[in-house]
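Visitor: Sharing a structure with you now.
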Amino acid sequence: MQITVHADAADPMHQAVADALSELPGRLGGDGFKISLRPGRSGGLLIRPLERGAEVSYGTTAEGLRGFAAAMGELLETGAVTARSEETSFETITVMLDVSRNAVLTVEAAIGLVRRFALMGATSVMLYTEDIYEVPDEPYFGHARGRYSAQEITAIDDAAARMGIDLIPCIQTLGHLANVLQWPVYAPVRDNTQVLLVDEPRTYELIRKMLEAASAPVRSRRIHVGMDETYGIGSGAHRSRHGSQEPIELVNRHLRRVADLCDELGLQPMIWSDMYLKFASLRHDMHDLEVPFPPKEIAPIPDNATLVHWDYLSLDEDHYLRQIERHQQAGHEPVFAAGVSCWSRLWSQNTSSIAALTPGLRAARRAGLSEVMLTTWGNDGAQADLFSTLPAVQHFCDVAYTDATSSPFTAANFRGSCDGTLSTWLRADEIDRPLSESDASPDHAELFGNPGAWLLWSDPLLDLVPLPTVPLAPRFRRLADDLAAATQGGTAADQIISTVIDVARVLEHKVELHQRLRPAYRAGDAEAVRDIVDRLIPAVVDGVRSLRVSARSRWLAHHKVFGWEVIDLRLGGMLARLDTLQVTLTAWLSDPAQRIEELDVEQLSMFGPGAGGQIMRHDRVASPSPVN
């Protein structure tokens with residue numbers, strides 16, 4: 001493939017293309033394809049087919065890179081391009097990367113994702129860093145958690161700038177700070193285990209240092225200062241010192257102080273708006289559409305602060321529109337934030353994410369919003385590699401540029417930006433498909449729970465979660481076999497799906513263990529229990545041991561070493577519990593009159609029928625006793 005940028009040598013597109021191609025080895029091979037990039041278009045991008053190639057005309061760097069990737073992908077997929085033009089109505093298209101939930105991307109991996117997002121047409125990237133950045137004279141801030149140095153963040157910012165991407169810090173300045181407040185040195189600024197102490201002068205001394213440290217390494221003067229989910233604000237040390245006060249009053253005062261600090265530092269803050277929506281509702285429900293957003297007399301949002309409305313799990317475009325309009329009717333023009341469902345999972349649930357983000361994005365356009373963003377939260381240990389979110393990010397950008405519910409070019413675009421086979425990456429979503437038809441949500445069948453994760457972490461002896469009676473092992477065997485065949489004939493980028501293959505191989509045996517164990521014991525079936533001891537448990541142990549080795553290798557390919565200890569403890573704990581199960585069953589086989597108390601306990605339904613969209617964390621299925 002031959003790439004020509006028709007611009008003067010100082011045009012940044014030359015460097016952007018070179019950086020992009022460094023992520024896509026082999027693109028400059030002798031396939032005879034030619035792509036010409038021509039700047040100067042007044043708005044949007046235009047792709048025009050040429051003989052064995054394409055010409056891309058564009059206005060902005062984001063448009064040029066998107067057109068470049070789209071042309072590459074279609075040429076690689078079909079050998080020819082389709083004439084088309086695209087223009088987004090949004091001024092900014094942002095992707096947020098959560099690096100605070102144990103998995104801290106290496107600088108190289110973060111840059112790799114930024115470059116892929118740029119090829120999709122994104123304009124900015126946020127790094128969500130609760131405590132994962134260096135604050136001078138605060139050695140406990142991010143201690144032993146893989147925090148970025150200022151130099152590392154600057155390296156990511158430099159790479160982003162070369163791609164035309166604005167790197168925006170995204171931090172917390174009120175709640176979600178348990179990993180900071182765990183240290184005794186921060187007791188003077190702690191209200192409760194998660195929330196900073198409002199009105200305390202030392203709190204604002206610390207926040208000033210945080211704002212300076214987060215913003216200094218980057219070019220952008222925008223900063224997201226968080227303030228979402230500040231549960232229990234004013235209920236701890238603040239109440240002890242000052243008595244009971246309304247939470248909204250505390251948030252208002254605190255926001256005013258933080259906004260003033262941002263103003264002093266020349267920063268333009270953004271905050272999540274969910275707490276104001278919850279304060280307005282008697283049910284404390286941010287989705288309570290019957291109540292308006294609090295008026296400015298009750299919620300005096302500073303003029304320099306932009307609200308960000310996050311909303312992830314509805315399939316109803318009108319729901320999103322009404323939520324946005326609640327902000328607008330109170331005089332606020334929010335940023336709309338959709339989400340990729342990668343929390344509490346071993347692989348990002350792209351299918352569910354696409355089903356939910358599409359109506360949200362269309363509603364944002366109907367409401368005339370100028371800014372949209374996509375979040376990638378890593379709750380429950382960041383088990384899913386952020387690279388697994390790429391199909392949903394591609395779809396998000398495709399909808400942002402085309403106003404369609406789906407694009408006929410998404411598969412080709414994904415090949416162009418990520419060198420991935422879209423159908424294979426989406427097939428990997430099946431690891432979380434509902435276990436039975438009755439398990440699927442009747443209203444939201446597209447929204448999957450996370451059985452791929454909770455089946456792996458479910459304790460093999462306590463066996464808390466009832467499973468359907470239909471054999472589940474064949475399902476996971478087929479998934480592993482199908483994905484193995486697809487990746488064997490796929491691209492280099494497709495090999496990341498080995499994550500799902502390895503888990504499916506474990507689950508093939510582990511679900512059989514769960515489905516057979518309690519019935520065999522209760523029936524006094526020594527032959528069946530002997531088969532579990534001699535065949536099933538060793539198969540699960542071998543699978544978990546293999547998974548532990550491969551998972552560590554994959555973790556270190558994209559992440560700093562810190563945080564792996566959490567996954568290592570879970571896998572090691574599973575091996576220990578399997579050993580306990582083996583010992584317990586072997587003892588029972590020698591004396592079937594003895595009771596196995598764990599298996600005498602009746603299983604209780606964790607959720608009612610139609611709960612296929614429910615998420616269960618590791619600690620929920622590992623034990624009903626606290627494990628954190």
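Visitor: With all protein chains present, calculate the accessible area of SER550 using a 1.4 Å probe and round the result to the nearest 10 Å².
Guide: Rounded to the nearest 10, the figure is 30 Å².
Visitor: Can you give me the P(r) profile for the chain? Cα pairs, bins 10 angstrom wide beginning at 0, each as a whole percent.
Guide: Here the calculated profile for the chain is 3, 15, 24, 25, 19, 10, 3, 1, 0.
Visitor: Could you give each residue of the range 86-96 its phi-based ³J(HN,Hα) in whole Hz, using Karplus coefficients 6.51, -1.76, 1.60 with θ = phi - 60°, and x for Gly or Pro?
Guide: Per-residue couplings from phi come out as 9, 7, 7, 8, 8, 6, 10, 10, 10, 10, 9 Hz.
Visitor: A follow-up question, please. Once amide H atoms are placed 1.01 Å from N in the peptide plane, what residues at a sequence separation of 5 or more from ASP98, or on another chain, have their amide H within under 5 Å of its amide H?
Guide: For ASP98, whose amide H was placed from the backbone, the distant partners under 5 Å are TYR128, THR376.
Visitor: Given Cα positions, please report Rg to Rh for the range 500-545, the hydrodynamic radius being the Kirkwood one. Before the final figure, lay out each step's value.
Guide: Values: Rg = 11.1 Å, Rh = 10.8 Å.
Computed over Cα atoms, the ratio is 1.03.
Visitor: I would also like to ask the following. Looking at the chain, send over the antiparallel percent of its DSSP beta bridges, to the nearest 5.
Guide: Restricted to the chain, the bridges split so that about 25 percent are antiparallel.
Visitor: Over all directions, what mean area does the Cα convex hull of the range 273-335 project, stated in square nanometres? Mind dumping the intermediate values first?
Guide: Numbers: hull surface 16.5 nm².
Quarter of the Cα hull surface area: 4.1 nm².
Visitor: Take the Cα radius of gyration of the range 465-515 and divide it by 2.2 N^0.38 Å, with N its residue count; two decimals is plenty.
Guide: 1.28
Visitor: Here's another thing I want to ask about it. With all protein chains present and a 1.4 Å probe, how do ARG577, ARG115, ARG202 order by accessible area, largest first? Please report the intermediate quantities before stating the final value.
Guide: Numbers: ARG577 70, ARG115 30, ARG202 115 Å².
Largest accessible area first, the list is ARG202, ARG577, ARG115.
Visitor: What is the percent of Cα-Cα separations in the range 392-520 that go past 17 Å?
Guide: 64
Visitor: Quickly work out the ARG202-to-ARG477 label distance, labels modelled 7 Å from Cα along the C-beta direction, and quote it in nm with one decimal.
Guide: Computed distance between label sites ARG477 and ARG202 equals 6.2 nm.
Visitor: Hey, which lysines would be in cross-link range of LYS296, C-alpha to C-alpha under 21 Å, not counting anything within fewer than 8 residues on its own chain?
Guide: Counting by Cα, and skipping residues close in sequence, LYS296 has these lysines nearby: LYS278.
Visitor: Quick one: of the DSSP bridges fully inside the range 81-229, what percent are antiparallel, nearest 5?
Guide: 10
Visitor: If amide hydrogens are placed 1.01 Å from N in the peptide plane, which non-local residues have theirs closer than 5 Å to the one on TYR133?
Guide: Answer set, sorted by chain and number: TYR148.
Visitor: What's the extension gain from SER370 to ALA144 if we count 0.36 nm per residue and subtract their Cα-Cα distance?
Guide: 77.5 nm
Visitor: A further question on this structure: In nanometres, what is the gap between the two model label sites at ASP158 and ALA587, each 7 Å from Cα along Cα-to-Cβ?
Guide: 6.1
Visitor: For the range 227-318, state which trypsin sites (Lys or Arg not before Pro) are in a DSSP loop and have at most 14 other beta carbons lying within 10 Å of their beta carbon.
Guide: Taking the range 227-318 and a limit of 14 other Cβ atoms within 10 Å, the loop trypsin sites (Lys or Arg not before Pro) found are ARG283, LYS296.
Visitor: Order the following by accessible area, largest value first: HIS284, HIS559. Probe radius 1.4 Å; ligands, DNA and RNA are ignored.
Guide: Sorted descending by solvent-accessible area, the residues read HIS284, HIS559.
Visitor: At 0.692 mPa s and 37 °C, plugging the Kirkwood radius over alpha-carbon pairs of the range 484-628 into Stokes-Einstein gives what diffusion coefficient in µm²/s?
Guide: The diffusion coefficient I find is 186 µm²/s.
Visitor: Please give the solvent-accessible surface of GLU205 in Å², to the nearest 10, using a probe radius of 1.4 Å with every protein chain present.
Guide: Its heavy atoms expose roughly 110 Å² to the probe.
Visitor: Taking a cut-off of 29 Å between Cα atoms, list the lysines near LYS209, but don't count ones fewer than 8 places away on the same chain.
Guide: Straight-distance partners of LYS209: LYS560.
Visitor: Continuing with the same structure: Does the range 179-303 come out rounded, prolate or oblate, given a ≥ b ≥ c as the square roots of the eigenvalues of its C-alpha gyration tensor, rounded meaning a/c under 1.5 and, failing that, prolate meaning a/b above b/c?
Guide: Note, shape of the range 179-303 comes out oblate.
Visitor: Just to verify a number: what accessible area does ASP318 come out at with the full protein assembly present, 1.4 Å probe, Å² rounded to tens?
Guide: 80
Visitor: Counting only helical runs of four or more DSSP H residues, what would the 222 nm mean residue ellipticity of the chain come to if each run contributes -39,500 (n - 2.57) and the total is spread over all its residues?
Guide: -14000 deg cm²/dmol, from helical runs alone.
Visitor: What does the net charge come to around ALA150 if you take all other residues with beta carbon closer than 14 Å to its beta carbon, with K and R at +1 and D and E at -1?
Guide: Details: positive: ARG147, LYS209, ARG219; negative: GLU134, ASP137, GLU138, GLU152, ASP157, ASP158, GLU212.
Around ALA150, the charge tally is -4.
Visitor: Next question, about the same structure. Roughly what percent of Cα-Cα pairs across the range 310-350 reach past 15 Å? Don't jump to the answer; show the numbers that get you there.
Guide: Numbers: 405 of 820 pairs.
Cα-Cα pairs in the range 310-350 separated by more than 15 Å: 49 percent.
The values are calculated or read from the model by the stated rules, or taken from the named source; none is laboratory data. None of the values given here were measured: they were computed from a predicted structure. Using ideal geometry, Cβ is built from the backbone for each residue, glycine included, and neighbour counts are taken over all protein chains shown. In case anyone asks, the SASA skips ligands and DNA or RNA and just uses the protein heavy atoms, side chains included. Shrake-Rupley method; radii C 1.70, N 1.55, O 1.52, S 1.80 Å.
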